[in-house]
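Asker: First, the structure itself, so that you have it in front of you.
The values are calculated or read from the model by the stated rules, or taken from the named source; none is laboratory data. This is a predicted model, so every value here is computed, not measured. Counting neighbours? That spans all protein chains shown, and the Cβs are built from the backbone with ideal geometry, glycine included. When the accessible area is computed, the model is the full protein with side chains, heavy atoms only, and any ligands, DNA or RNA have been set aside. Shrake-Rupley method; radii C 1.70, N 1.55, O 1.52, S 1.80 Å.
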Amino acid sequence: MEFNRAKVVDKNFTAAVTEGRFPASRLAAESRHPCSEDLLSGLFESQIISRHFDLKAREMKEKNACFYTIGSSGHEGNAVFGRLFRPDDMAFLHYRSGAFFLERARQIPGTTPIYDLALSFVSSSEDPIAGGRHKVFGSAEMAIPPQTSTIASHLPKAVGAAISIDRAAALNLEERTLSDDGIVLCSFGDASLNHAAALSAINTALWASHHGVPVPIVFICEDNGLGISVETPSNWIETVYGSREGLQYIQCDGLHLVDLLKKTDQTEAAVRRERKPLLLHIRTVRLLGHAGSDIQSTYHTQREIEAAEADDPLLHSARILRERNIMSGEEMAALYELLRQQVGAVFEHAAGRPKLTTAEDVMAAIVPSQGKRTAPPMIDEKKREKVFGKEFPRLGEPQHMAKLINYALSEILARYPGAVVFGEDVGRKGGVYHVTAGLQEKFGPRRVFDSPLDETSIIGTAIGMAHNGFLPIAEIQFLAYFHNAEDQLRGEAATLPFFSQGQFANPMILRIPGLAYQKGFGGHFHNDNSLAIFRDIPGIIIACPSNGADAVSMFRTAAREAHENGRVTVFVEPIALYMTKDLSEKGDRDWSFAYADPDQKIEPGQFAVHGTGRNLTIVTYGNGAYLSRQAAAELEKKHRKKCRIIDLRWLAPLDEEGLVKAVGKCPSILIVEECRRTGSLGEALVGMFAQRCSHRPTIRLHAAEDSFIPLGVAATATLPTKETVFTAALEMLN
Ligand SMILES: Cc1ncc(C[n+]2csc(CCOP(=O)(O)OP(=O)(O)O)c2C)c(N)n1
């Protein structure tokens, strides 16, 4: 058997069209739909160009000039979606969407999709979307956020984008970018539909739609019957989704252009009008294996491989064109060769274009491009009075952190028309700790709302809404629950600017109550004390205030960074400090603060220094800062020894230079770290100070043990306490 199936499929086409050997239609009755000759021949051309991309990519791979060989062969029917859906209908695409991309580009004059795709295939830094960082299908002008070989992780954000459309129109959000009658497309493979992220997205779409929320989304399942080597039974998708309450289902032959046109027309009209989710199920084939490196014969017989190849969608299209006398076999063969030459020439040219070479070049796109928008002005006194109502006279009074964050969220909602607050129980209940209490009443259920109980969809919804001008402030109820949804931040939200050179961004604030010290309540799942999961994600901002006044200023900064610079901030709120009012003694109110004035700015990376001691600097954050302040007060009282405390406030970015300067010539540095030692920021700080402090200070890390937090009286047994910080500090001072 010939192992190079690309060669076989290529030769088959020319031989079949010249000899007039076409596969029979798979439809029981021919699909009828008014479509012009121009339409059919245009689609056929895009299908052929897409095929030549796959063939050329494999050829170039042999020469080490192309680095990506997952192709679109077998899926070329998706050209029809590129033609029939409007070019402003945002599309989150499957990685086999070559023909879609080419057809959508036809709708937008001035685009150069063949060259752009070739640059992307060969990872040239001139690739207009990812700049050589990955082969993606993406384009800002074509409303296609860049997507690559992820499995279903784009579905949750597609649902978010769909929800955003009618919501933005209802709120008359000035910054919305999607049309009010727009719809969202989201395509994926059949095996991907088993993925938790897909189930999350479809469930959320149905859940929201069931609650009366418009969710104009077309889920397009391009079913080739395989996930790499694992078969999807031919009736699986229909069995699971064919009669699902709330989900319209349309099935279509992905090899038949006329059937595709007919069903896509129906789909388009239904979703645009009814604004409810629909699953368009396309039956197709996969040709040339999963990717260039995939040897199909390890899991398929020659007969199985040849059966799929006989159903080449290009041959089905050729049959339709032949039957309608649109082109002769010779004309089709000639067109095929002409397009081969065109694609080949463009590809060869693209291969010679520059690549990314330095780390600096690669990393230039990690943080979204700066300064696209200017934050609206701070709300004036009159508006403040209106927003805060009966709380207004109390703004100057000392309050605990939970109250102050509630004020900060009110202010941001009043100031940014696109700000929305959502998550589990944040609406009517006002959050588990009442941090969002009263916000829904004040700003309405369109802007403050409960999500379904699904962290993946919470972050996905935030990403999607941010695509349409919103400033999502989403809440994950407890830090431990974030782990359910990690990929939505790590793989999707954080990488978006990287794969689009900042042309797309998903600004947001992800509020995450967490960390330990809750006096024995809740155990591990409510007292998770590790932030390692965020610390290695390039480009995100991580906030962790130790007190309410800082939290207010830091929220303002996070909102501005989201709005102006498209940044993602993970805002970790230490639950144990939510209601804390006192510092050293009951009733001293030393941990209660007035609502911060707008001129009390705290920029990312800006830390606070407390105390004047010269012999010991404690570097810490969050609960650690609180305990260290207690310990320092006692040191002074009992031993007349002073120390200095640096409260980091932000875990990323870290102002390393500023920190080294602030430590100065201090001989001892104690790092108080409330998180588990392994993977903690404290570990990194030890290395940083050791490397950068030329006076060789003594450095000690006082971190939590590598343990989970138990329930009950042992809850703090593994954590630093005021007493252990006191002892460690005294030892260092002596
Ligand atoms: C989260 C995740 N798991 C596994 C993979 C590896 N993988 C890449 S493509 C693929 C098969 C997907 O099949 P399907 O959804 O049917 O799409 P097709 O390739 O057949 O078009 C798998 C398992 C991945 N990219 N991401």
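Asker: Which of the residues that make up the range 285-316 are among the acidic types (Asp, Glu) and either within 13 Å of the ligand (Cβ to nearest atom) or surrounded by fewer than 16 Cβ atoms within 10 Å (Cβ to Cβ) (or both)? Steps first, answer last, please.
Answerer: First pass over the range 285-316, keeping only residues among the acidic types (Asp, Glu): 294, 304, 306, 309, 311-312.
Scanning the range 285-316 gives 294, 304, 306.
Asker: From the list 412, 476, 405, exactly one residue is open to solvent by less than 10 Å² (accessible area, probe 1.4 Å), touching a strand residue (DSSP E or B) at 6+ places or on another chain (Cβ under 8 Å), among the hydrophobic types (A, V, I, L, M, F, W, C) and under 17 Å from residue 204 (Cβ atoms). Which is it? I'd like the intermediate steps shown before the answer.
Answerer: Numbers: 412 fails: under 17 Å from residue 204 (Cβ atoms); 405 fails: under 17 Å from residue 204 (Cβ atoms).
Among 412, 476, 405, only 476 is open to solvent by less than 10 Å² (accessible area, probe 1.4 Å), touching a strand residue (DSSP E or B) at 6+ places or on another chain (Cβ under 8 Å), among the hydrophobic types (A, V, I, L, M, F, W, C) and under 17 Å from residue 204 (Cβ atoms).
Asker: What is the residue count in the range 240-275 for residues that are of a type outside the set (A, V, I, L, M, F, W, C) and within 16 Å of the ligand (Cβ to nearest atom)?
Answerer: Step one: list which residues in the range 240-275 are of a type outside the set (A, V, I, L, M, F, W, C), which gives 241-246, 248-249, 251, 253-254, 256, 259, 262-268, 272-275.
Restricting the remaining residues to those that are within 16 Å of the ligand (Cβ to nearest atom) gives 241, 254.
Within the range 240-275, residues that are of a type outside the set (A, V, I, L, M, F, W, C) and within 16 Å of the ligand (Cβ to nearest atom) number 2.
Asker: Before we move on, is residue 290 farther than 22 Å from residue 21 by Cβ and touching a strand residue (DSSP E or B) at 6+ places or on another chain (Cβ under 8 Å)?
Answerer: Working: farther than 22 Å from residue 21 by Cβ: yes; touching a strand residue (DSSP E or B) at 6+ places or on another chain (Cβ under 8 Å): yes.
It is true that residue 290 is farther than 22 Å from residue 21 by Cβ and touching a strand residue (DSSP E or B) at 6+ places or on another chain (Cβ under 8 Å).
Asker: Which of the residues spanning the range 217-240 are touching a helix residue (DSSP H, G or I) at 6+ places or on another chain (Cβ under 8 Å) and aromatic (Phe, Trp, Tyr)?
Answerer: The one that is touching a helix residue (DSSP H, G or I) at 6+ places or on another chain (Cβ under 8 Å) and aromatic (Phe, Trp, Tyr): 219.
Asker: Which residue pairs have Cβ atoms closer than 6 Å, lie 6 or more positions apart in sequence or on different chains, and pair a first residue in the range 243-261 that is at positive phi with a second residue that is outside any loop (DSSP other than H, G, I, E, B) and open to solvent by 10 Å² or more (accessible area, probe 1.4 Å)?
Answerer: 246/206; 246/209; 246/210
Asker: Quick one: in the range 135-152, which of the residues that are open to solvent by less than 10 Å² (accessible area, probe 1.4 Å) and away from the ligand (no atom under 16 Å from the Cβ) is nearest to residue 282 (Cα to Cα)?
Answerer: Residue satisfying both the conditions and the ranking: 144.
A quick yes/no check of all residues on (1) surrounded by 22 or more Cβ atoms within 10 Å (Cβ to Cβ); (2) within 16 Å of the ligand (Cβ to nearest atom); (3) at pLDDT below 95:
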| residue | (1), (2), (3) |
| --- | --- |
| 154 | yes, yes, no |
| 159 | yes, no, no |
| 176 | no, no, no |
| 180 | no, no, no |
| 210 | no, no, no |
| 220 | yes, yes, no |
| 227 | no, yes, no |
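Asker: Any idea which of 229, 209 is under 24 Å from residue 273 (Cβ atoms) and hydroxyl-bearing (Ser, Thr, Tyr)?
Answerer: Details: 229 fails: under 24 Å from residue 273 (Cβ atoms).
Criteria check complete, one pass: 209.
Asker: Condition first: closer than 20 Å to residue 487 by Cβ and without any contact (Cβ under 8 Å) to a residue 12 or more places away in the chain. Can you find one or more residues in the range 526-541 that meet it? Before the answer, list the steps.
Answerer: Filtering the range 526-541 for residues closer than 20 Å to residue 487 by Cβ gives 528, 530-541.
Keeping just the survivors that are without any contact (Cβ under 8 Å) to a residue 12 or more places away in the chain gives 536.
Yes, that holds for at least one residue.
Asker: Are there any pairs with C-beta distances below 6 angstrom linking a residue in the range 221-238 that is within 22 Å of residue 91 (Cβ to Cβ) and in contact (Cβ under 8 Å) with a residue 60 or more places away in the chain to a residue that is more than 10 Å from the ligand (Cβ to nearest atom) and open to solvent by 70 Å² or more (accessible area, probe 1.4 Å), with the two at least 6 apart or on different chains, and if so which?
Answerer: none
Asker: Residues of the range 229-253 being among the polar types (S, T, N, Q) and either out of contact with any Leu (no Cβ under 9 Å at 6 or more places or on another chain) or surrounded by fewer than 16 Cβ atoms within 10 Å (Cβ to Cβ) (or both), which ones? Quick ask: steps written out before the conclusion?
Answerer: Within the range 229-253, the first condition is being among the polar types (S, T, N, Q), and the residues that meet it are 229, 232, 234-235, 239, 243, 248, 251.
Of everything in the range 229-253, those that are among the polar types (S, T, N, Q) and either out of contact with any Leu (no Cβ under 9 Å at 6 or more places or on another chain) or surrounded by fewer than 16 Cβ atoms within 10 Å (Cβ to Cβ) (or both) turn out to be 229, 234, 235, 239, 243.
Asker: Another question, if that's okay. Restricting attention to the range 425-447, which residues are open to solvent by less than 10 Å² (accessible area, probe 1.4 Å) and out of contact with any Phe, Trp or Tyr (no Cβ under 6 Å at 6 or more places or on another chain)? Spell out the reasoning first.
Answerer: Applying the first criterion (open to solvent by less than 10 Å² (accessible area, probe 1.4 Å)) to the range 425-447 yields 426-427, 430-431, 435-436, 439.
The answer is 426, 430, 431, 435, 436, 439.
Asker: Which of the residues spanning the range 706-724 are open to solvent by 50 Å² or more (accessible area, probe 1.4 Å) and under 26 Å from residue 583 (Cβ atoms)? Give the derivation first.
Answerer: Here is the first cut: in the range 706-724, the residues open to solvent by 50 Å² or more (accessible area, probe 1.4 Å) are 706, 708, 711, 713, 716-717, 722-724.
Across the range 706-724, the qualifying residues are 713, 716, 717, 722, 723, 724.
Asker: Let me spell it out: the conditions are (1) in contact (Cβ under 8 Å) with a residue 40 or more places away in the chain; (2) surrounded by 21 or more Cβ atoms within 10 Å (Cβ to Cβ), and residue 214 meets all of them except one. Which number is the exception?
Answerer: For residue 214, the exception is condition (2).
Asker: Out of (1) out of contact with any Pro (no Cβ under 9 Å at 6 or more places or on another chain); (2) open to solvent by less than 30 Å² (accessible area, probe 1.4 Å); (3) over 29 Å from residue 68 (Cβ atoms), what's the single condition that is false for residue 282?
Answerer: Result: residue 282 passes all but (3).
Asker: Kindly list, by first and then second residue, each pair from a residue in the range 480-494 that is closer than 9 Å to residue 456 by Cα and without any contact (Cβ under 8 Å) to a residue 40 or more places away in the chain to a residue that is in a helix (DSSP H, G or I) and open to solvent by 10 Å² or more (accessible area, probe 1.4 Å), limited to pairs with Cβ atoms under 7 Å and residues at least 6 apart or on different chains.
Answerer: 484/455; 484/456; 485/455; 485/456
Asker: Of all residues in the range 39-68 being over 21 Å from residue 312 (Cβ atoms), open to solvent by 20 Å² or more (accessible area, probe 1.4 Å) and assigned to a helix (DSSP H, G or I), which is modelled with the lowest pLDDT?
Answerer: Restricting attention to the range 39-68, the residues satisfying the condition of being over 21 Å from residue 312 (Cβ atoms) are 60-68.
Those still in the list that are open to solvent by 20 Å² or more (accessible area, probe 1.4 Å) too: 61-65, 67-68.
Still in the running and assigned to a helix (DSSP H, G or I): 61-62.
Numbers: 61: 92, 62: 89.
Only one residue tops the list, namely 62.
Asker: Cβ contacts < 6 Å: first residue more than 20 Å from residue 560 (Cβ to Cβ), restricted to the range 378-397; second residue open to solvent by 30 Å² or more (accessible area, probe 1.4 Å) and part of a loop (DSSP other than H, G, I, E, B), any location; separation 6+ or different chain. Result?
Answerer: 396/594
Asker: Let me ask something else. Might you check whether a residue that is touching a residue at least 24 places away in the same chain (Cβ under 8 Å), in contact with a Lys or Arg (Cβ under 6 Å, 6 or more places away or on another chain) and of a type in the set (Asp, Glu) occurs anywhere in the range 564-580? Don't jump to the end; show me each part of the working.
Answerer: Our first condition is that a residue be touching a residue at least 24 places away in the same chain (Cβ under 8 Å); within the range 564-580, this holds for 564-580.
Still in the running and in contact with a Lys or Arg (Cβ under 6 Å, 6 or more places away or on another chain): 564, 571.
Still in the list and also of a type in the set (Asp, Glu): 564.
Yes, the range 564-580 has at least one match.
Asker: For the range 425-436, indicate whether the set of residues that are among the aliphatic types (A, V, I, L, M) and within 19 Å of residue 165 (Cβ to Cβ) is non-empty. Give the steps one after another, and end with the answer.
Answerer: Of the residues in the range 425-436, the ones among the aliphatic types (A, V, I, L, M) are 426, 432, 435.
After this cut, where a residue has to be within 19 Å of residue 165 (Cβ to Cβ) as well, the list is none.
Checking the range 425-436: not a single residue is among the aliphatic types (A, V, I, L, M) and within 19 Å of residue 165 (Cβ to Cβ).
Asker: Mind counting the residues in the range 498-520 that are open to solvent by 10 Å² or more (accessible area, probe 1.4 Å) and either polar (S, T, N, Q) or without any contact (Cβ under 8 Å) to a residue 60 or more places away in the chain (or both)?
Answerer: 3
Asker: Keeping to the range 71-97, report how many residues are under 23 Å from residue 140 (Cβ atoms) and within 12 Å of the ligand (Cβ to nearest atom).
Answerer: First, the residues of the range 71-97 that are under 23 Å from residue 140 (Cβ atoms): 72, 78-79, 81-97.
Restricting the remaining residues to those that are within 12 Å of the ligand (Cβ to nearest atom) gives 72, 78, 93-97.
Residues meeting the conditions: 7.
A quick yes/no check of all residues on (1) open to solvent by 10 Å² or more (accessible area, probe 1.4 Å); (2) under 30 Å from residue 305 (Cβ atoms); (3) among the basic types (Lys, Arg):
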| residue | (1), (2), (3) |
| --- | --- |
| 70 | yes, yes, no |
| 74 | no, yes, no |
| 77 | no, yes, no |
| 82 | no, yes, no |
| 85 | no, no, no |
| 89 | no, no, no |
| 95 | yes, yes, no |
| 99 | no, yes, no |
| 108 | yes, no, no |
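Asker: I would also like to ask the following. Considering 11, 61, which residue is more than 16 Å from the ligand (Cβ to nearest atom), without any contact (Cβ under 8 Å) to a residue 40 or more places away in the chain and either touching a Leu at 6+ places or on another chain (Cβ under 8 Å) or within 30 Å of residue 302 (Cβ to Cβ) (or both)?
Answerer: Working: 61 fails: without any contact (Cβ under 8 Å) to a residue 40 or more places away in the chain.
Residue meeting the stated conditions: 11.
Asker: Next up: Between a first residue in the range 188-209 that is under 18 Å from residue 290 (Cβ atoms) and a second residue that is more than 13 Å from the ligand (Cβ to nearest atom) and open to solvent by 20 Å² or more (accessible area, probe 1.4 Å), which pairs have beta carbons less than 8 Å apart while being 6 or more apart in sequence or on different chains?
Answerer: 193/240
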